[in-house]
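The values are calculated or read from the model by the stated rules, or taken from the named source; none is laboratory data. These figures come from a predicted structure and were not determined experimentally. Every residue, glycine among them, receives a Cβ derived from its backbone with ideal geometry; neighbour counts consider all protein chains shown.
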Amino acid sequence: MKKVECEFEAETLSAVLQGRWPARAPDELRAHVAGCELCRDVTAIAGAIEEARQESRQMAAVPDAGRVWWLAQLRARRDAVEAASRPITAAQVVAFGCVVGLLGVFIGATSGWVQGLVSQMFAGSWPASVNDLAAHHVLLLLAGAAALIAIPALVWAALARD
Ligand SMILES: [Zn+2]
């Protein structure tokens, strides 16, 4: 009849789980296990469980803390750049719209004058209406010049803040 209990079972189990089996186990325990079927089963099963535990521990290797920190810094910086570039893009779109609108107003306001200027130049005379430009459109010219200077300056200031 097969034994269901052995007085050396606990000792055999602890030797296997502590990695002492079989090289660093006492001689008398090895001699007992050689003749005891129950303790042989214990070494086989506990050995397999311990091996699987070691394997899963190696597979679940935690990455280096420095690398984790570095990756977190990288992600935070990328998120900050993304968040900061969103309002800049909106400001650029608004600025572009303003410039296009101003150009449209300017061209619309001066088209008659430009046509007259071109026809006079083809006729070979220096147009006297050049002097009129400053008198009639001084506010428009100043606004256009201010926009051309102010918009790049504002964009540059927004970028320089980073
Ligand atoms: Zn035994």
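Okay, here's what the table says:
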{"item": "Qualifying residue in the stretch 65-78 (condition: closer than 30 Å to ALA153 by Cα, small (Gly, Ala, Ser) and more than 13 Å from the ligand (Cβ to nearest atom))", "result": "yes"}
{"item": "Of the criteria (1) of a type outside the set (A, V, I, L, M, F, W, C); (2) exposed (fewer than 10 other Cβ atoms within 10 Å of the Cβ); (3) assigned by TED's automatic domain parsing to the domain that holds VAL33, which one ARG67 fails", "result": "(3)"}
{"item": "Members of the stretch 3-22 that are more than 10 Å from the ligand (Cβ to nearest atom), assigned to a helix (DSSP H, G or I) and among the polar types (S, T, N, Q)", "result": "SER14"}
{"item": "Contacts under 7 angstrom Cβ, first residue in the stretch 35-57 being more than 14 Å from GLN18 (Cα to Cα) and within 16 Å of the ligand (Cβ to nearest atom), partner part of a helix (DSSP H, G or I) and of a type outside the set (D, E, K, R), 6 or more apart", "result": "CYS39/THR12; CYS39/HIS32; CYS39/VAL33; ARG40/VAL33"}
{"item": "Residue list for the stretch 18-29, filter: surrounded by 15 or more Cβ atoms within 10 Å (Cβ to Cβ) and over 21 Å from ARG53 (Cβ atoms)", "result": "LEU29"}
